[in-house]
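S.K.: Okay, here's the structure, questions in a sec.
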There are 2 protein chains.
Amino acid sequence: MSTRFGQRLAAVVADRGPLCVGIDPHPALLAQWGLGDDAAGLGAFADACVAAFAGHAAVVKPQSAFFERHGSAGIAVLERLLAGFAGTGTLTLLDVKRGDVGSTMDGYADAYLAAGAPLGADAVTLSPYLGFGSLAPALDAAAKAGRGVFVLARTSNPEAPGSSSPSPTGVRWRRVWSTPRPTATPARPAGRRRRGRRRHPRPRARPGRAERPGARARAGGTGAGPADVATRFGGVKGLVLPAAARSLLAHGPDPAALRAAAAALTAELTA
Amino acid sequence: MSTRFGQRLAAVVADRGPLCVGIDPHPALLAQWGLGDDAAGLGAFADACVAAFAGHAAVVKPQSAFFERHGSAGIAVLERLLAGFAGTGTLTLLDVKRGDVGSTMDGYADAYLAAGAPLGADAVTLSPYLGFGSLAPALDAAAKAGRGVFVLARTSNPEAPGSSSPSPTGVRWRRVWSTPRPTATPARPAGRRRRGRRRHPRPRARPGRAERPGARARAGGTGAGPADVATRFGGVKGLVLPAAARSLLAHGPDPAALRAAAAALTAELTA
């Protein structure tokens, strides 16, 4: 990975559209595909996803929780899934939402972001509950390895902090959700903002820039559809990766049907 | 596990004192013990910890990040470590700080808290960044399986939200840190508060009760020592699990030396 993640992401989105395929092998979906709720079923699910999307989708987003629930055997399947996408041009965004401090954050960086990380993805999600600065070891590791980081900011969860309340990270929220003319300042591509800087970022001094929105419309879970991306994220549309998981995965397990469903959704998104 | 976690915790702390032994196999510690920074070295480290502390320590707290950094092979060691402590009377508090919403939170509950969970511990840590209510599936699973949950609230990380700022969970902070007379209301034992309740907790309606403090003085990392537990947490001392990792683990790899160091620290804490 000689280029930075932000460059790779921009290139693949320009080429294939912005669709991020969520890989969420939850128990009901395994059953729907006729697979057992065990590591073998999970492995078959993962292999079908690689067959369907590798080299075709712009970005895939495996959800770590659905691999962790099968223990170490499930994590072995996750390693195989990530290896299956590596080098195919399809970027992996591993949804782990890790967040901790000090040497523990170093540990997570080693696991997911450092060069040679056993669970290395093109990018991961992180949670800033303990402060945005606490994520610095991960941001440093990502920058060195050419990987990316999506930090949770404002989410669509109704119970999450409101847009009028202070952000736990100390960064003032910009409106992104639920407005036809969002005022969010486009953030720099992930992985880019730390270039030339050695130590901790100072999110307070740069409101609107410390976090990449990484916002995603979930076409399935929240009932949002492709049209909502334009109305809700109009001003920052180019920075949004709309994610779809269940609405797409319901077309499985046939890889060709999965791929066709993703292509149809991509066409809607880019229309 | 027929009894609730809170009951088991109270009993073991009454019997053995409150010390929580942090199991943090970070690279420098592996090297200090003459072990390789790989899954084999991690396995030897874990086995020594089981030999030293199982049946002796009240609580051990493995840090998941240091197992995840060895990928699926590291998670297999974590499974072995948890199995090694199961049934010995020493409780396991697995530090994973997971937090997500909906079926993803179900996935984490399946991984760590449900009956038969592959990485089942006596208790885990969770992060409420997406809202305290989003953790409900994990709290439900824990209550059913007799396990416990420690939810991050106010931490000692200087960059975390100040005690005067609103909590991201919507619960008003009570002062715990840095005051000789803390005003924190003692929370009910973990796992107890949901008894008889079926659905989502309502943290806003019960300030001071929605979160168990789960506060821990880190005798190593932050320079706090046994005496600080009394001065900083005097009013809630009985609810505090002071954790020590590096200051103890530096006595390894000899299990007898590790056990002796833990006993000495326990004596200081209970003096």
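The values are calculated or read from the model by the stated rules, or taken from the named source; none is laboratory data. From a predicted model like this one, the values you see are computed outputs, not experimental measurements. Cβ placement follows ideal geometry from the backbone for every residue including glycine, while neighbour counts extend to all protein chains displayed. Just so you know, the surface numbers come from the protein's heavy atoms only, side chains and all, with ligands and any DNA or RNA stripped out. Shrake-Rupley method; radii C 1.70, N 1.55, O 1.52, S 1.80 Å.
S.K.: Which condition number does A:S72 fail, the rest of (1) part of a loop (DSSP other than H, G, I, E, B); (2) under 30 Å from B:G131 (Cα atoms); (3) among the small types (G, A, S) being met?
M.R.: Here A:S72 clears every test but (1).
S.K.: Select from the stretch A:54-80 the residues that are within 15 Å of the chain's Cα centre (by Cα), more than 9 Å from chain B (Cβ to nearest Cβ) and not basic (K, R) and list them in ascending order.
M.R.: Within the stretch A:54-80, A:A57, A:A58, A:V59, A:V60, A:P62 meet the criteria.
S.K.: So, one more: In the stretch B:28-71, which residues are among the acidic types (D, E) and out of contact with any Phe, Trp or Tyr (no Cβ under 8 Å at 6 or more places or on another chain)? Walk me through how you get there before you give the answer.
M.R.: Taking the stretch B:28-71 as the starting set, the residues that turn out to be among the acidic types (D, E) are B:37-38, B:47, B:68.
Scanning the stretch B:28-71 gives B:D37, B:D38, B:D47.
S.K.: Now, a different point. Could you give every pair whose Cβ atoms fall below 7 Å, whose first residue belongs to the stretch B:71-85 and is closer than 24 Å to A:G116 by Cβ, and whose second residue is modelled with pLDDT under 95 and of a type in the set (G, A, S), counting only separations of at least 6 or pairs across chains?
M.R.: Once the first residue is closer than 24 Å to A:G116 by Cβ and sits in the stretch B:71-85, no partner that is modelled with pLDDT under 95 and of a type in the set (G, A, S) comes close enough.
S.K.: Got at least one residue in the stretch B:24-34 being among the polar types (S, T, N, Q), within 14 Å of chain A (Cβ to nearest Cβ) and open to solvent by 10 Å² or more (accessible area, probe 1.4 Å)?
M.R.: Here is the first cut: in the stretch B:24-34, the residues among the polar types (S, T, N, Q) are B:32.
Restricting the remaining residues to those that are within 14 Å of chain A (Cβ to nearest Cβ) gives B:32.
With open to solvent by 10 Å² or more (accessible area, probe 1.4 Å) added as a condition, the list becomes B:32.
Scanning the stretch B:24-34 turns up at least one residue that is among the polar types (S, T, N, Q), within 14 Å of chain A (Cβ to nearest Cβ) and open to solvent by 10 Å² or more (accessible area, probe 1.4 Å).
S.K.: Starting from residues that are at the interface with another protein chain (Cβ under 8 Å from one of its Cβ atoms), in contact with a Gly (Cβ under 7 Å, 6 or more places away or on another chain) and part of a loop (DSSP other than H, G, I, E, B), keep the ones in the stretch B:97-125 and report whichever is most open to solvent (accessible area, probe 1.4 Å).
M.R.: That would be B:P118.
S.K.: Still on this structure, I have one more. So B:F85 clears everything in (1) more than 8 Å from every other protein chain (Cβ to nearest Cβ); (2) closer than 29 Å to A:A153 by Cβ; (3) at pLDDT 95 or above except one condition, right? Which one?
M.R.: (2)
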